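**Student:** Take this structure, written in structure tokens, and hold onto it; I'll ask about it next.
The values are calculated or read from the model by the stated rules, or taken from the named source; none is laboratory data. Values in this document were obtained by computation on a predicted structure and should not be read as measured data. Here the Cβ is made from the backbone with ideal geometry for all residues, glycine too, and neighbour counts use every protein chain on show. Accessible surface is based on the protein model in full, side chains and every heavy atom, while ligands, DNA and RNA are left aside. Shrake-Rupley method; radii C 1.70, N 1.55, O 1.52, S 1.80 Å.
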Amino acid sequence: MKLANETTAGVWAPLSPGLDGLVARLEALSIGPMFAAERDRALRQALRPYVEFAGNAPLPPFAQEVDLATFIVYADYYPQDGQLTLIEQLRDVVTEHIPEEERAWMDPLKHSYMDVVEVVPGSAATGQWACRSLGNGRLYQAQGGDFSLGFRAGQVLLTRFVQQPGDPETNDVVLGESALLLSPEEGRTLYEAVCELRRQREIDAGSFELGDWHEFAKRFGFELLWVYAQMRLRALYQVVAGIRYCRSDGQPYLYSMALYEHREFKFLRETLSGMKGLASDPADVGASGGSGARLRWVQSDPADAGKPVVVARFTLTPTQLWVETDSRERLDTWKHQLASALGFSLHFRGEATAPPPHLLSAEELDAEQPVRSVVTPEQDAALLQAFLEMAYLDWTDRDAPVLGGKTPRHAATTQAGREQVARLLDEMEQNDPGWSHIGRPAFDYNVLRGHVGIEEVRREDRSAERTR
């Protein structure tokens, strides 16, 4: 994600003393009691893609984004409560002296606007550097400095230029304190997306009054920031979606799970054995018969022929079917196939598709290759426990296929039913997926035993029984 690192995504440029003083006065005026509400409204509009998350944005705006949004407040924003713009208010101030060197920058700043520009080949890195607006082709001669030493031909900047005081037609400009840097491809993507917004506004208005780039950028410069923010968020989502979760041995971690209940072990065994893409799990160590019978099938990624990579696992027990996959998409595909092949023989009891939490570092965000995240045993145990707690939340009051459609609580009202429910819970605990993941059950089945009035079983007794 190239739009992730603030140290490389933007630059800061020092302002000339007169412009710097003017900006300081505008800042003080904007945070005053008369204008603070309007300032907040303008900033929320300019940074809307982040504000819409109501404090839960997956990443914060860059400081340069906030700075460019603040300049919109200074130079472009017209208050909705009928006040004059900030520059107009400052111009009318008579209670304090404003130096002429600051007043000289009022008109240039007032007429400035957001722009998307590309660095022209052969530009000087110091003194002055040349760039061309993607919007209207206007050529700028910008004052340079240390901040511009790393600029490359073709690189795109999202920024605001302020004309040098004097000639209103001059192309000599200074950078409005900050700029966001994009690659040529990213810059072109941003510009084309902004043009689409511009065309949509013209369609909605029924006129071509925004045909001039200057007019559009002055009135709706905040939409350039919108598109940039959306590009950042989209790039982040792509990185997150591309994270490869794996176990310590390098095999994919199967975090997308679904649980089904059934009462037709033989039919399911025959159907799953014949399903295309599945093969018996060579690592299966389940019992071969009795109440603890368990069979496993796996799907290996064909892209890694010669080096089996398990991307899906099916575990069939006498009363349950577990499906584990390496992605939500793969789980959805298998759910459709199971529904088609097995129909009403399966009773869906829940699914979990959220991957383990992983805090992306700046290096991972900037990496060209997909991020690999090794899932710890603690994370594995937490995910399994959360899923089972959700799946078994109302288990005692839900019709169970193996109990003939009765609920466990209803069945346990008779002695024979209590024994049947006790055997069912023993079988569920013996085949809990936690045994193969973390070496112990991921769920405390004594909770369910307590709900139906069955005597609890100590975990030590269950572990000894499984070992035997």
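**Student:** Taking the C-alpha atoms of the stretch 1-109, how large are the radius of gyration and the largest Cα-Cα span, Dmax, in Å?
**Tutor:** 15.7, 50
**Student:** How big is the accessible area of HIS410 in square angstrom, nearest 10, if you roll a 1.4 angstrom probe over the protein chains?
**Tutor:** Its accessible surface works out to 100 Å², give or take rounding.
**Student:** Let me check against my output: what whole-number percent is the relative contact order of the chain, with C-alpha pairs under 8 Å and at least 6 apart?
**Tutor:** Computed over the chain, the figure is 13 percent.
**Student:** Continuing with the same structure: Taking Cα atoms, how many degrees apart are the long axis of helix 377-391 and the longest axis of the chain, rounded to 10 and kept between 0 and 90?
**Tutor:** 70
**Student:** Here's a follow-up. Compute the angle between helix 63-75 and the longest alpha-carbon principal axis of the chain, please, reported from 0 to 90 degrees and rounded to the nearest 10.
**Tutor:** 40
**Student:** At a probe radius of 1.4 Å, what is the per-residue accessible area of SER327, in Å² to the nearest 10?
**Tutor:** Counting only protein heavy atoms, SER327 exposes about 20 Å² to solvent.
**Student:** List the GluC sites (Glu not before Pro) in the stretch 111-186 that DSSP assigns to loop (not H, G, I, E or B) and whose Cβ has at most 11 other Cβ atoms within 10 Å. Which are they? Write out the running numbers ahead of the final one.
**Tutor:** Working: sites: GLU118, GLU169, GLU177, GLU185, GLU186; in loops: GLU169.
Passing sites in the stretch 111-186 are GLU169.
**Student:** Something else now. Once the piece of chain linking ASN136 and VAL120 is laid out straight, how much longer is it, given 0.36 nm per residue of separation minus the C-alpha distance between them?
**Tutor:** Working: separation 16, 0.36 × 16 = 5.76 nm, distance 1.47 nm.
Extra length available between ASN136 and VAL120 comes to 4.3 nm.
**Student:** Rounded to the nearest 0.05, what FRET efficiency is calculated for ARG269 and GLU363 with R0 set to 56 Å and r the Cβ-Cβ distance? Mind showing how you got there, number by number?
**Tutor:** Working: r = 47 Å, r/R0 = 0.85.
Once rounded, the FRET efficiency stands at 0.75.
**Student:** So, one more: Got a number for the accessible area of LEU190? Probe 1.4 Å, square angstrom, nearest 10.
**Tutor:** Spelled out: LEU190, probe radius 1.4 Å, area about 0 Å².
**Student:** Moving on to the next point. So how far apart, in nm, are the two label points at SER183 and ARG219 if each is 7 Å from Cα heading toward Cβ?
**Tutor:** If labels sit at SER183 and ARG219, their model points lie 3.5 nm apart.
**Student:** Another question, if that's okay. If the cut-off is a Cα-Cα distance under 14 Å, which aspartates and glutamates reach LYS110, setting aside same-chain residues fewer than 8 apart in sequence?
**Tutor:** List returned: ASP76, GLU88, GLU102, GLU215.
**Student:** Based on DSSP H runs of at least 4 residues, each adding -39500 (n - 2.57), what is the mean residue ellipticity at 222 nm of the chain after dividing by all its residues, to the nearest 500 deg cm²/dmol?
**Tutor:** Details: 20 runs with 196 residues, N = 468.
Rounded to the nearest 500, it is -12000 deg cm²/dmol.
**Student:** Considering only protein heavy atoms, what per residue accessible area in square angstrom results for the chain with a 1.4 angstrom probe?
**Tutor:** Details: 23020 Å² over 468 residues.
I get 49 Å² per residue for the chain.
**Student:** At a 1.4 Å probe radius, carbon and sulfur cover how many percent of the accessible area of the stretch 133-189?
**Tutor:** On the way: 1060 of 2330 Å².
Here it works out to 45 percent.
**Student:** Which residue, chosen from ALA367, ALA9, ALA341, occupies the Cα position most advanced towards the positive end of the dipole of the chain, where the dipole is computed from +1 (Lys, Arg) and -1 (Asp, Glu) charges on Cβ about the Cα centre?
**Tutor:** ALA341
**Student:** Please sort by residue number the GluC sites (Glu not before Pro) in the stretch 8-109 whose DSSP state is loop and whose Cβ has at most 16 other Cβ atoms within 10 Å. Let's see the in-between values first.
**Tutor:** Working: sites: GLU27, GLU38, GLU52, GLU65, GLU88, GLU96, GLU100, GLU101, GLU102; in loops: GLU52, GLU96.
Filter output for the stretch 8-109: GLU52, GLU96.
**Student:** Roughly speaking, what is the stretch gain from ASN171 to ALA241, that is 0.36 nm per residue apart minus the C-alpha to C-alpha distance, in nm to one decimal? Write out the running numbers ahead of the final one.
**Tutor:** On the way: separation 70, 0.36 × 70 = 25.20 nm, distance 4.43 nm.
Extra length available between ASN171 and ALA241 comes to 20.8 nm.
**Student:** How about the stretch 322-405: which GluC sites (Glu not before Pro) there are in a DSSP loop, with at most 15 other Cβ atoms within 10 Å of their Cβ?
**Tutor:** Values: sites: GLU324, GLU329, GLU351, GLU363, GLU364, GLU368, GLU378, GLU389; in loops: GLU368.
The qualifying sites are GLU368.
**Student:** If you don't mind, another one. Full extension from ALA386 to LEU149: what is 0.36 nm times the residue separation minus their Cα-Cα distance, to one decimal in nm? Spell out each step's value before the answer.
**Tutor:** Numbers: separation 237, 0.36 × 237 = 85.32 nm, distance 5.26 nm.
Result: 80.1 nm gained on full extension.
**Student:** Return the FRET efficiency for the residue pair ASP394, GLN415: r is the Cβ-Cβ distance, R0 is 22 Å, and the value is rounded to the nearest 0.05.
**Tutor:** Numbers: r = 25 Å, r/R0 = 1.11.
After rounding to 0.05, the efficiency reads 0.35.
**Student:** Please determine, in degrees from 0 to 90 and to the nearest 10, the orientation of helix 36-46 with respect to the longest principal axis defined by the Cα atoms of the chain, where the helix direction is its Cα long axis.
**Tutor:** The helix 36-46 is inclined about 70 degrees to the chain.
**Student:** What aspartates and glutamates sit close enough to LYS276 to cross-link, taking a C-alpha to C-alpha distance under 20 Å and skipping anything fewer than 8 places away on the same chain?
**Tutor:** Once the sequence-local aspartates and glutamates are set aside, what remains near LYS276 is ASP284, ASP301, ASP304, GLU324, ASP326, GLU329, ASP332.
**Student:** Just want the answer: with Cβ charges of +1 for Lys and Arg and -1 for Asp and Glu, which residue in LEU19, ILE87, GLY137 is farthest toward the dipole's positive end in the chain?
**Tutor:** GLY137
**Student:** Go through SER361, SER436 and list them by solvent-accessible area, largest first, probe radius 1.4 Å. Could the numbers behind the result be given before it?
**Tutor:** On the way: SER361 40, SER436 65 Å².
Reading off the accessible areas and sorting them downward yields SER436, SER361.
**Student:** Give the relative contact order (percent, whole number) for the stretch 316-468; include only Cα pairs under 8 Å separated by 6+ residues. Display every interim value, and only then the final one.
**Tutor:** On the way: 105 pairs, mean separation 27.4, N = 153.
Computed value for the stretch 316-468: 18 percent relative contact order.
**Student:** What's the FRET efficiency of GLN80 with ARG201 using the Cβ-Cβ distance as r and R₀ = 25 Å, to the nearest 0.05? Could you put the intermediate results ahead of the total?
**Tutor:** Numbers: r = 19 Å, r/R0 = 0.74.
Once the sixth-power term is evaluated, E becomes 0.85.
**Student:** What value in Å³ per residue do you get for the convex hull of the alpha-carbon atoms in the chain?
**Tutor:** 226
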